[in-house]
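Below is one structure, written out as structure tokens; comments come after it.
The values are calculated or read from the model by the stated rules, or taken from the named source; none is laboratory data. Nothing here was measured: the structure is a model prediction, and the numbers come from that model. Cβ sites come from the backbone with ideal geometry, for glycine too, and all protein chains shown count toward neighbours. Keep in mind that these areas ignore ligands, DNA and RNA; they rest on the heavy atoms of the full protein, side chains included. Shrake-Rupley method; radii C 1.70, N 1.55, O 1.52, S 1.80 Å.
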Amino acid sequence: MKFTSETKLFIGIFAFTAIIIALAMFIMTKPAKPIAKESLILPTTYTKGSKNAPVWLVEFSDFQCPACKAFSGIVADLAKKYPEKLLIAYRYFPLDIHLQSIPSALTAESAGKQEKFWEMEQLLFANQESFAPSLYPELATQLGLDMDAFTASVNDPSTKQLITNDTNYGNSIGINATPTFFLNGVKLNLLTPSDLVNEVEKTITNSQ
């Protein structure tokens, strides 16, 4: 059978397109390469759980994000249930659309300098609907923080720089929404908090 030049051209285009599609499907289905633990969890990152836990979960979060609040209770429950098997880390990712995202992050970081980060994290999410400049000193007082040290930390440019560093790193690895979770270095695609529980518990089971 003889092909016309037009037919040959069509076949060539079709074959080339098929190769491109197959290559794209291979890339999309190929498991993502995990990000190194030391890249996701820095010495300045707040964590809870065993440092030697076989499973580690990193969350990039915004205290003014409603979805982050929805996940916060689940993350706290997982920490309590698996204190020796799961290490949890928090990274800041304040969104521009939330006017109180940075002030609330400064509040958490400043509480963390007095070893009250996780307590403040829970208070912030519990009071998310009431965010205002006057609220943060009230929460700090509630936790019994040294208010002079707290205020100095909130106003210290280096405190905001830590938050900016987290945000810049999150942008560099393609984060564009909160919360975003990495489980043992692999980004999770979650729809509901129960999806997070399933992924964490499956990974813990497989690590035993």
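Looking at Leu135 and the list (1) touching a Pro at 6+ places or on another chain (Cβ under 8 Å); (2) farther than 15 Å from Cys65 by Cβ; (3) hydrophobic (A, V, I, L, M, F, W, C), which single condition is not satisfied?
Tallying (1) touching a Pro at 6+ places or on another chain (Cβ under 8 Å); (2) farther than 15 Å from Cys65 by Cβ; (3) hydrophobic (A, V, I, L, M, F, W, C), Leu135 fails exactly one: (1).
Taking segment 174-186 as the search range and keeping residues that are among the hydrophobic types (A, V, I, L, M, F, W, C) and touching a strand residue (DSSP E or B) at 6+ places or on another chain (Cβ under 8 Å), which one is nearest to Leu87 (Cα to Cα)?
Within segment 174-186, the subset among the hydrophobic types (A, V, I, L, M, F, W, C) is 175, 177, 181-183, 186.
Keeping just the survivors that are touching a strand residue (DSSP E or B) at 6+ places or on another chain (Cβ under 8 Å) gives 175, 181-183.
Details: Ile175: 21, Phe181: 13, Phe182: 12, Leu183: 10 Å.
So the residue we want is Leu183.
Please enumerate the residues belonging to segment 146-175 that are surrounded by fewer than 15 Cβ atoms within 10 Å (Cβ to Cβ) and of a type in the set (Gly, Ala, Ser).
Ala149, Ala152, Ser158, Ser172, Gly174
Within the set of pairs 6 or more residues apart or between chains, which connect a residue that is of a type in the set (Gly, Ala, Ser) inside segment 141-154 to a residue that is open to solvent by less than 50 Å² (accessible area, probe 1.4 Å) with Cβ atoms less than 7 Å apart?
Every condition considered, the pairs that remain are Ser153/Ser110; Ser153/Thr159.
So, in segment 45-75, exactly how many residues are open to solvent by less than 20 Å² (accessible area, probe 1.4 Å), touching a helix residue (DSSP H, G or I) at 6+ places or on another chain (Cβ under 7 Å) and without any contact (Cβ under 8 Å) to a residue 60 or more places away in the chain?
Looking only at that region, the number is 1.
If I filter segment 86-99 for residues that are over 20 Å from Ala76 (Cβ atoms), exposed (fewer than 15 other Cβ atoms within 10 Å of the Cβ) and of a type outside the set (A, V, I, L, M, F, W, C), do I get at least one hit?
Initial filter on segment 86-99 (over 20 Å from Ala76 (Cβ atoms)): 94-99.
When the remaining residues are screened for being exposed (fewer than 15 other Cβ atoms within 10 Å of the Cβ), the result is 96-97, 99.
Subsequent filtering for residues that are of a type outside the set (A, V, I, L, M, F, W, C) retains 96.
For segment 86-99, residues over 20 Å from Ala76 (Cβ atoms), exposed (fewer than 15 other Cβ atoms within 10 Å of the Cβ) and of a type outside the set (A, V, I, L, M, F, W, C): present.
Taking Thr159 as the residue in question, decide whether it is touching a strand residue (DSSP E or B) at 6+ places or on another chain (Cβ under 8 Å) and either among the β-branched types (Val, Ile, Thr) or assigned to a loop (DSSP other than H, G, I, E, B) (or both). Outline the logic, then answer.
Values: touching a strand residue (DSSP E or B) at 6+ places or on another chain (Cβ under 8 Å): no; either among the β-branched types (Val, Ile, Thr) or assigned to a loop (DSSP other than H, G, I, E, B) (or both): yes.
No: the conditions fail for Thr159.
Search segment 98-110 for residues that are acidic (Asp, Glu) and pair each with any residue that is modelled with pLDDT of 95 or more and open to solvent by less than 10 Å² (accessible area, probe 1.4 Å) when their beta-carbon atoms are under 7 Å apart and the residues are at least 6 apart or on different chains.
What qualifies is Glu109/Thr159; Glu109/Ile163.
Would you say Leu123 is without any contact (Cβ under 8 Å) to a residue 24 or more places away in the chain and not in a loop (DSSP other than H, G, I, E, B)?
On the way: without any contact (Cβ under 8 Å) to a residue 24 or more places away in the chain: yes; not in a loop (DSSP other than H, G, I, E, B): yes.
Here the answer is yes, as Leu123 does meet what is asked.
Would you check which residues across segment 123-145 are open to solvent by 60 Å² or more (accessible area, probe 1.4 Å) and of a type in the set (Gly, Ala, Ser) and list them? Spell out the reasoning first.
Filtering segment 123-145 down to residues open to solvent by 60 Å² or more (accessible area, probe 1.4 Å) leaves 126, 129-130, 133-134, 138, 141-142, 144.
Scanning segment 123-145 gives Ala126, Ser130, Ser134, Gly144.
Select from segment 68-85 the residues that are part of a helix (DSSP H, G or I), more than 12 Å from the chain's Cα centre (by Cα) and not acidic (Asp, Glu) and list them in ascending order.
Filtering segment 68-85 for residues part of a helix (DSSP H, G or I) gives 68-81.
Within this subset, residues satisfying the condition of being more than 12 Å from the chain's Cα centre (by Cα) are 69-70, 73-74, 76-81.
Within segment 68-85, Lys69, Ala70, Gly73, Ile74, Ala76, Leu78, Ala79, Lys80, Lys81 qualify.
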